[in-house]
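Trainee: Handing you this structure, nothing more for now.
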Amino acid sequence: MMPAMEQRYETVIGLEVHLQFSTQTKIFCGCANVFGQQANSQTCPVCLGLPGALPVLNQKALEYAIKVALALDCRINTLVKFDRKNYYYPDLPKGYQISQYDKPIAQDGHLLVADENGTTKRIGIKRAHLEEDAGKLIHDDQTNSSFVDYNRTGTPLMEIVSEPDLRSAKEAYDYLQALKLTLQYLHVSDCDMEKGSLRCDANVSLRIKGTSSFGTKVEIKNMNSFKAVRAALEFEERRQQEILVSGARVVQETRLWNDAKALTLPMRSKEEAHDYRYFPEPDLVPFVLEESMIASIRCSVPELPRAKYERLRQTYGLSEYDTNIIAADQDIADFFEACAKLYGDTKKIANWLSGPLLQEMNARKVGLKDMRVTPQDFIVLLQKMAENVLSNLAAKETLKYMLDTGKGAVLVIEERGLAQLSDSAALIKIVEDVICQNESVVQSIRAGKESAVGFLVGQAMRQSQGKANPKMIGAIIRNKLLGSSITEAY
Amino acid sequence: MKLNEATAHEILELIRQEKATPQQAFDAVLDQVQAKDDHIRAYVRLFLNENRWDPATARVPIPIGIKDNICIKGEPTTCCSRILGGFKPPYDATVIEKLKKTGAMLVGSTNMDEFAFGSSTENSCYGPTRNPWDPGRVPGGSSGGSAAAVASDQAIWALGSDTGGSIRQPAAFCGVVGLKPTYGRVSRYGLVAFASSLDQIGPIAKDVQDAAMLLGIIAGYDERDSTSADVLVPDYTKALIKDVKGLKIGIPKEYFVAGIDPDVKEAIMAAIEVLRGKGAIFEDVSLPHTEYAIATYYIVATAEASSNLARYDGVQYGLRRQPPQVRKTPLIDMYEETRDLGFGNEAKRRIMLGTYSLSSGYYDDYYLKGLKVRTLIKQDFDRVFEKFDAIITPTAPTTAFKMGEKIADPLSMYLSDVYTISANLSGIPAISIPCGFSKEHLPIGLQILAKPFGEQMLFRIAYTYEQSTPWHKKRPPL
């Protein structure tokens, strides 16, 4: 039997990612490379493209580009050459963009991308090149006029073009996540899609499964978040499938993702009929990269997410879930390893990092670097739990106070009286109170509904303000109501 | 002698001897401008007082005219184009900074062909400049205003820019000295670009010594211009020695073929004899790719120009026009109307030529091929300079032509740069010095070329010749 029509097709996606570098200054002038300043306050004759002004390459931007190239296992073109891409738009003050055409700084790289089952796939990086960003148009509907803000003009950009190796919206999403994580590890950009420091366009086509030639591709632009990328690609996949199933042809065009309407719409075709008339930029003399420069940049490339993931899994025997969370943030990974040196229960460290500590980070909306806790303090906290000084609940409470005050675990436990009640006499008193107050529950336990013990434990914990050792409480209740031995229970 | 008729080195000497003051020199030049420029029209505007000169820093207080494509902070810089109407750069070109530091006195902006597109200064939105030797003739171009200003004693020095001969050809037509330095010798920062890989700013002066002095001021590495060369600037005045004994000078046979005016040829041959008499050794050489120079130039230069001029779109500065009715979209209408009204015919012609040769499908056959031939032309010179110290040619095939004579025929206009273009394509330095007059009493220019950074060789040969001949002392009958 023929497979269902739509299952005959395979999706082919390639992504073009634009990454803004977080260099101090712009790519061809000395203006500050900062976001969110007053319009046109970060400009000079060079980035404004004033007559007579000339570009000078920012060495830091070049270094960042090489760093990205190395991290993506690219071949580096040691002849550094720039070209002009000519087109008219008001946000492009020179009427051309300085970019790289036939000699991109990086070519033929790849990135290993894992899905949630841990299966990895090698996604090819076709090329990555350096260029300058354009300005921003601001439209004022009230006066029906447009304004140009040139602050962004000349921000260093790296365009990273994948091979058409992605086979689904999900895979494209995973690739983008993995790419972002790798780039974050390099500290070359803040990789923030919402701020536009990481932007993504996609080329999407469908073909009959098993064939090797490509179908007609459609370029999708205006996807401003990771979610939007996935949604737009899923939409486009369906749209093209419906066209093909109906026997019609896909039109080669550029479409814009409309987030509000959750669909792609064609861009006016006039705006895409470009002949960019690339030619070598005569204002920048091509030069050959020193091998020693590449070598020293190679030394500055840190252990990358994939390698870190594998190593953490193997060295510490962590779960996939924990490792993913820990490796997703260099600071967390470093913190974890610092803790692991001090304390043997790496499982516990991982749990508490990916659990309570991460929750606190999210609640406070800060990175680990801004959290007031050292690996030493964190280990003391875990030790106090192991020693039954802190209940789980009290430990979370302790952590919160530690983060609030910057004080060590021992001090916080003492000041806040968070140490667990392990004094049998006191605990027995609490249990007796609870038994008196919950006559009917007690009856049902005695009648054999042992599961209700938990309820009484909860009541006792509340009465102790969380300080009671819950295991001991449970044992005492069982002893009182069911006659089991206390020591046996704990 | 009136001070404005003196050379820079003479004025400096008079000031040193306290026989003249900088102010007197400046006033003499301004008086001449008042008296003569309504007729010559070398200047398109005079500078504001506060931008002219600072007596406190006036080490080399020489009145100088500046071609209208070199940015001066706060002064209109228009490239004699309507499209840059009202544009005032917020910064000084590097050469202007250097001039201001030495205390040069900025007189005004000199006329030019729009964006330096032309060889007659007729393509200026301000109208043409007259040749001081014959008001019915062109001063050459594109730096015609600068050359005419110096020739008519309305400036002691002038800056020009040379993309295909735009300093040397007008210098020849006006009977003054003009030098195109080695590409990279002088910073282009602040020079409004015509063809970035060919443009160089250079001096126009009354004699070789003045040209050497001015080059010494403006030359040097500039970190703001990636194409400027980090090569030490020598004291060029030390190269002014009257001795060419044993120097080997090539005469390229390709430069003495059909099209050359007999008077020009005769003057060049006479100049060669003068230098031979001083001990120089002349030999015929071949620059076999010369015949492709003009074609190559008009591909490379127009391609770069088409891109360099894209920024004049009416968005940020200069002219902006909107047609009365919407034709396409308001934005595209604005681009089209602005550029249609803002650019003159020659600018439009070159933008179209350049756009065409860069277009997909044509790039390989035109632009890329042009770059390859450019390399061959450069190799011609490299080969000759392995054995020769310099090359001598006419600067232009004719003397100054009549106004209007070539303006309707771009090809014949382009041919007037046939001897000067190769130096730009090769990046080598070249100087034009006066070497006599035609039967119609029009100046003739002798061009000397040397290898990259061989400006000292040019000055040495030029100086030896100049000091043996009376031509540089001749003044036009104003």
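The values are calculated or read from the model by the stated rules, or taken from the named source; none is laboratory data. Just so we're clear, the structure is a prediction, and the values are computed from it rather than from any experiment. Neighbour counts are summed over all protein chains in view; Cβ atoms, including those assigned to glycine, are modelled from backbone coordinates with ideal geometry.
Trainee: Is it the case that residue B:117 is within 22 Å of residue A:50 (Cβ to Cβ) and either polar (S, T, N, Q) or crowded, with 24+ Cβ neighbours inside 10 Å (or both)?
Mentor: Considered against the rule, which asks whether it is within 22 Å of residue A:50 (Cβ to Cβ) and either polar (S, T, N, Q) or crowded, with 24+ Cβ neighbours inside 10 Å (or both), residue B:117 comes out as yes.
Trainee: I've got another one for you. Residue check: is residue A:116 acidic (Asp, Glu) and in contact (Cβ under 8 Å) with a residue 60 or more places away in the chain?
Mentor: no
Trainee: Counting only residues that are of a type in the set (A, V, I, L, M) and within 14 Å of another protein chain (Cβ to nearest Cβ), which one in region B:171-197 is surrounded by the fewest Cβ atoms within 10 Å (Cβ to Cβ)?
Mentor: B:195
Trainee: In region B:154-266, which strands (runs of 3 or more DSSP E) lie fully inside it and hold 1 or more residues that are of a type in the set (Phe, Trp, Tyr)?
Mentor: B:157-162
Trainee: Looking at (1) in contact with a strand residue (DSSP E or B) (Cβ under 6 Å, 6 or more places away or on another chain); (2) farther than 30 Å from residue A:249 by Cα; (3) crowded, with 22+ Cβ neighbours inside 10 Å; (4) not small (Gly, Ala, Ser), which is the one condition that is false for residue A:75?
Mentor: It fails just one condition, (3).
Trainee: Same structure again: Can you tell me which residue within region A:52-77, out of those that are touching a Leu at 6+ places or on another chain (Cβ under 7 Å) and within 12 Å of chain B (Cβ to nearest Cβ), is nearest to residue A:158 (Cα to Cα)?
Mentor: A:57
Trainee: Also: Within region B:82-91, how many residues turn out to be within 10 Å of chain A (Cβ to nearest Cβ) and either assigned to a loop (DSSP other than H, G, I, E, B) or of a type in the set (Phe, Trp, Tyr) (or both)?
Mentor: Residues that pass the stated criteria total 4.
Trainee: So, in region B:339-361, exactly how many residues are touching an Asp or Glu at 6+ places or on another chain (Cβ under 9 Å) and basic (Lys, Arg)?
Mentor: The number of residues fulfilling the criteria is 2.
Trainee: Another question, then. Going by the conditions given, is residue A:230 among the basic types (Lys, Arg), modelled with pLDDT of 95 or more, more than 18 Å from the chain's Cα centre (by Cα) and in a helix (DSSP H, G or I)?
Mentor: no
Trainee: So which residues in region B:354-381 are within 12 Å of another protein chain (Cβ to nearest Cβ) and aromatic (Phe, Trp, Tyr)?
Mentor: If the condition is that a residue be within 12 Å of another protein chain (Cβ to nearest Cβ) and aromatic (Phe, Trp, Tyr), then B:356, B:362, B:363, B:366, B:367 are the ones that fit.
Trainee: Still on this model: Within region A:348-369, track down each residue that is within 11 Å of residue A:382 (Cβ to Cβ) and either of a type in the set (Phe, Trp, Tyr) or exposed (fewer than 13 other Cβ atoms within 10 Å of the Cβ) (or both).
Mentor: A:352
Trainee: While we're looking at this one, here's another question. Looking at this structure, is residue A:91 at pLDDT 95 or above, in the same structural domain as residue A:46 (by TED's automatic domain parsing), more than 25 Å from residue A:67 (Cβ to Cβ) and surrounded by fewer than 19 Cβ atoms within 10 Å (Cβ to Cβ)?
Mentor: yes
Trainee: Could I ask something else about it? Give just the number: which of (1) assigned to a helix (DSSP H, G or I); (2) among the charged types (D, E, K, R); (3) more than 27 Å from residue B:351 (Cβ to Cβ) does residue B:283 not satisfy?
Mentor: It fails just one condition, (1).
Trainee: Out of all the residues in region A:98-109, which are surrounded by fewer than 20 Cβ atoms within 10 Å (Cβ to Cβ), farther than 17 Å from residue B:363 by Cα and within 13 Å of chain B (Cβ to nearest Cβ)?
Mentor: Within region A:98-109, A:99 is the sole residue that qualifies.
Trainee: Which residue is modelled with the lowest pLDDT, if the candidates are limited to region B:248-262 and must be surrounded by 14 or more Cβ atoms within 10 Å (Cβ to Cβ) and out of contact with any strand residue (DSSP E or B) (no Cβ under 7 Å at 6 or more places or on another chain)?
Mentor: This residue is B:256.
Trainee: Pick out the one residue from B:364, B:382 that is at pLDDT below 95 and of a type in the set (D, E, K, R).
Mentor: B:364
Trainee: Then there's this: For region B:198-226, which positions are more than 15 Å from the chain's Cα centre (by Cα) and either within 20 Å of residue A:281 (Cβ to Cβ) or within 14 Å of chain A (Cβ to nearest Cβ) (or both)?
Mentor: Matches in region B:198-226: B:221, B:222, B:223, B:224, B:225, B:226.
Trainee: Condition first: of a type outside the set (A, V, I, L, M), surrounded by fewer than 22 Cβ atoms within 10 Å (Cβ to Cβ) and either over 24 Å from the mean Cα position of the chain (by Cα) or within 12 Å of chain A (Cβ to nearest Cβ) (or both). Now tell me which residues in region B:275-310 satisfy that.
Mentor: B:276, B:277, B:278, B:279, B:282, B:283, B:284, B:286, B:288
Trainee: Only one of (1) within 14 Å of another protein chain (Cβ to nearest Cβ); (2) touching a Lys or Arg at 6+ places or on another chain (Cβ under 6 Å); (3) buried (at least 24 other Cβ atoms within 10 Å of the Cβ) is not met by residue B:129, so which one is it?
Mentor: (1)
Trainee: A further question follows. Taking the options A:428, A:332, name whichever one is within 23 Å of residue A:469 (Cβ to Cβ) and not polar (S, T, N, Q).
Mentor: A:428
Trainee: Does region B:313-335 hold any residues that are of a type in the set (S, T, N, Q) and facing chain A (nearest Cβ under 9 Å), and which are they?
Mentor: B:316, B:329
Trainee: Between A:349, A:297, which is over 18 Å from the mean Cα position of the chain (by Cα), more than 14 Å from chain B (Cβ to nearest Cβ) and over 30 Å from residue A:72 (Cβ atoms)?
Mentor: Every option except A:349 fails the conditions.
Trainee: In region A:230-263, which residues are closer than 14 Å to residue A:205 by Cβ and among the hydroxyl-bearing types (Ser, Thr, Tyr)?
Mentor: A:254 - this is the single residue of region A:230-263 that is closer than 14 Å to residue A:205 by Cβ and among the hydroxyl-bearing types (Ser, Thr, Tyr).
Trainee: Of the residues in region B:37-70, how many are away from every other protein chain (no Cβ under 14 Å), at pLDDT 95 or above and assigned to a loop (DSSP other than H, G, I, E, B)?
Mentor: Residues flagged as away from every other protein chain (no Cβ under 14 Å), at pLDDT 95 or above and assigned to a loop (DSSP other than H, G, I, E, B) within region B:37-70 amount to 3.
Trainee: Which of the residues belonging to region A:396-433 are surrounded by 15 or more Cβ atoms within 10 Å (Cβ to Cβ), in contact (Cβ under 8 Å) with a residue 40 or more places away in the chain and part of a helix (DSSP H, G or I)?
Mentor: A:396, A:397, A:399, A:400, A:403, A:427, A:428, A:430, A:431 - these are the residues of region A:396-433 that are surrounded by 15 or more Cβ atoms within 10 Å (Cβ to Cβ), in contact (Cβ under 8 Å) with a residue 40 or more places away in the chain and part of a helix (DSSP H, G or I).
Trainee: Hey, another quick one. With the requirement that a residue be over 23 Å from the mean Cα position of the chain (by Cα), part of a helix (DSSP H, G or I) and not hydrophobic (A, V, I, L, M, F, W, C), what does region B:1-36 give you?
Mentor: B:10, B:13, B:16, B:22, B:23, B:24, B:27, B:31, B:34
Trainee: For region A:45-60, does any single residue satisfy the condition of being in contact with an Asp or Glu (Cβ under 6 Å, 6 or more places away or on another chain) and assigned to a loop (DSSP other than H, G, I, E, B)?
Mentor: Checked region A:45-60: at least one residue is in contact with an Asp or Glu (Cβ under 6 Å, 6 or more places away or on another chain) and assigned to a loop (DSSP other than H, G, I, E, B).
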